[in-house]
Amino acid sequence: MISVSDVNLTFETNDGPVNALKNVSMEVNEGDFVSFIGPSGCGKTTLLRVIAALETPTEGRVTVNNMTPDEARKARQYGYVFQAAGLYPWRTVSGNIKLPLEIMGYSTSEKEDRTRKVIDLVELNGFEKKFPWQLSGGMQQRASIARALAFDANILLMDEPFGALDEIVRDRLNGELLNLWARTRKTICFVTHSIPEAVFLSTKIVVMSPRPGRITDIIESPLPKKRDLNIRDSREFIKIAQRVREGLKAGQTEDVF
Amino acid sequence: MKTSYLANKFIPVSTIVILIGLFWYLVAVPMNSDKVSRQFKNLTASEHILKCWSLKKPKLPTPHQIITEMVNTTFFKKISSKRSLVYHGWITLQATLAGFFLGTLLGILLALGIVHNRAMDLSVMPWVIASQTIPILAIAPMIIVVMNSVGVTGLLPKAIISMYLSFFPVVVGMVKGLRSPDQIQLDQMRTWSASSREILWYLRFPSSLPFLFASLKVGVAASLVGAIVGELPSGAIAGLGARMLAGTYYGQTIMIWSALFAAAFLAAFLVFTIDFLQKITLKRMAIIR
């Protein structure tokens, strides 16, 4: 579904070139929930932006649904959820969800249908007519996810969507995201810097490390697809979390010690 | 709510007004003293002061003289009369609004060009700034004369001068406003593969409205100044500027001051109107609550 092979990306900055991604190769299969985890500067967000055609790699090949990322972007193959909800303050919740639909030229009735469906999906019923400032941070982020789901993209790219939320809200939204993933059967790429979040959500965990940004480990999770928060106390969960931690440590040794 | 309006607005503002008024009457005495001494002999001190406040052609007219003149020329003259302030005010207002409209249009168009076109971004702004360093008093007569020579007279030359002054704040504000969406919002539009026209309509333009309104308030006041300045060198016989000029010809200081006050009230009215529109619009857009 998404294939990244031998991608290098160098940013030219005033302090000289920065190697943001080095020899990055990985695959995402249909229906996967893939997490990218690593410390800041490891290129996990950059990799997601490469897949979304928001950055162009210096070298290497990326395909999304057998297209180049830019073709996939133009064909509206993915929905992207940013760190900040980025809702338009002058639009209501449903107005915000309709925005991409308006740009994509859906008919009025279709817009209504789809908006209702995704509002159900993220459980924001009753808040359709509220403005963003009337919502909590968690609800804003749910509205933002609904907006990314409203059109027919089968890939959902999420860049630390819950990074700014407290742990209690984050746990709840993680559970809801898993439900949503099960119901919609989308393919999800998820950037995070939280080990429990990555292990809890993913079928595949991509561990990355900085300077230069590269992949140190790819873990196929043996956890069942259907899971709840209690799974975090199971032995498998702890074992995977341990392996992630080791992957992160392995990436660090060279320049920390 | 009501007490806070009293405490926050009414009391401080009226205190300052009263202080200025007192100071005014105080200064009017030495300013007009010479003239009173020349015209009247053997006055007691209090009679002398009262005369200083009620001369027909004083150096500095007092507030009540100006207000009386304004009330007379506003309410007790036919609107079509050449002595009516309403008549002159209306002439100036027309030029102001025409110039304000043209200036806003020009300002928005230039800002759109600057934001969307790299060549314009690099080349236009210095000229826009240079245009404002030229004193308007120097350029206004030239505009009037040049346009007169091609047969354009009346409202349009004045409106052009108004436009010249009012487009500037609009360009500066709108460039800032159209660029105010952050990178995340622009990236988000890109992920929906929105065209730059859609980005403009759905994102840049609504984001720029608070900036636009702030600019419009500055722009409308500048427009009025432009219209009045445009009336000074043109030998115009109508308009608040012409009224001020006529006042200086005939030593009618009260007439000058009442035209000046009329211009100030007009400016305040225009600015408050835009302020009101701003509040309604932004409230409706939930940008302010």
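Annotation note: of B:Leu270, B:Leu186, B:Leu245, the sole residue that is touching a residue at least 60 places away in the same chain (Cβ under 8 Å) and assigned to a helix (DSSP H, G or I) is B:Leu270.
Of all the criteria given as (1) out of contact with any strand residue (DSSP E or B) (no Cβ under 8 Å at 6 or more places or on another chain); (2) farther than 20 Å from A:Leu223 by Cα; (3) small (Gly, Ala, Ser), the one not satisfied by A:Ser209 is (1).
When the residues of region B:172-196 are narrowed to those that are among the β-branched types (Val, Ile, Thr) and within 9 Å of chain A (Cβ to nearest Cβ), which ends up most open to solvent (accessible area, probe 1.4 Å)? Quick ask: steps written out before the conclusion?
The initial filter retains those residues of region B:172-196 that are among the β-branched types (Val, Ile, Thr), namely B:172, B:175, B:184, B:191.
Then drop every residue that is not within 9 Å of chain A (Cβ to nearest Cβ), which leaves B:184, B:191.
Working: B:Ile184: 48, B:Thr191: 1 Å².
Across region B:172-196, the extreme among qualifying residues is B:Ile184.
Please verify whether region B:240-252 includes one or more residues that are of a type in the set (A, V, I, L, M, F, W, C), within 14 Å of chain A (Cβ to nearest Cβ) and open to solvent by less than 30 Å² (accessible area, probe 1.4 Å). Checked against the condition, which is being of a type in the set (A, V, I, L, M, F, W, C), within 14 Å of chain A (Cβ to nearest Cβ) and open to solvent by less than 30 Å² (accessible area, probe 1.4 Å), region B:240-252 yields no hits at all. Is it the case, given these coordinates, that B:Ile199 is part of a helix (DSSP H, G or I), within 14 Å of chain A (Cβ to nearest Cβ) and among the β-branched types (Val, Ile, Thr)? So B:Ile199 passes the test.
May I ask you to verify whether A:Leu21 is away from chain B (no Cβ under 14 Å), open to solvent by less than 40 Å² (accessible area, probe 1.4 Å) and either farther than 24 Å from B:Ile199 by Cα or in a loop (DSSP other than H, G, I, E, B) (or both)? Yes; evaluated as a whole, the condition is true for this residue.
If you go through region B:67-96 and keep only what is under 18 Å from B:Trp257 (Cβ atoms), touching a helix residue (DSSP H, G or I) at 6+ places or on another chain (Cβ under 7 Å) and in a helix (DSSP H, G or I), you end up with B:Glu69, B:Met70, B:Thr73, B:Thr74, B:Leu85, B:Val86, B:His88, B:Gly89, B:Thr92. Given the conditions (1) open to solvent by 40 Å² or more (accessible area, probe 1.4 Å); (2) within 14 Å of chain A (Cβ to nearest Cβ); (3) modelled with pLDDT of 90 or more, and given that B:Arg289 satisfies all but one, which numbered condition is not satisfied? Unmet condition: (3). All of (1) more than 15 Å from the chain's Cα centre (by Cα); (2) not in a helix (DSSP H, G or I) hold for A:Cys189 with one exception: (1). Does region B:135-145 include one or more residues that are buried (at least 20 other Cβ atoms within 10 Å of the Cβ) and closer than 19 Å to B:Arg243 by Cβ? Checked region B:135-145: at least one residue is buried (at least 20 other Cβ atoms within 10 Å of the Cβ) and closer than 19 Å to B:Arg243 by Cβ.
For beta carbons closer than 7 Å, sequence separation of 6+ or different chains, a first residue in region A:89-107 that is in contact (Cβ under 8 Å) with a residue 40 or more places away in the chain and a second that is open to solvent by less than 10 Å² (accessible area, probe 1.4 Å) and among the polar types (S, T, N, Q), the qualifying pairs are A:Ile97/A:Thr115; A:Lys98/A:Thr115.
The values are calculated or read from the model by the stated rules, or taken from the named source; none is laboratory data. Worth saying up front: this structure is predicted, and the values here are computed from it rather than measured. Neighbour counts are summed over all protein chains in view; Cβ atoms, including those assigned to glycine, are modelled from backbone coordinates with ideal geometry. Heads up: the accessible areas ignore ligands, DNA and RNA and are worked out on the full protein's heavy atoms, side chains in. Shrake-Rupley method; radii C 1.70, N 1.55, O 1.52, S 1.80 Å.
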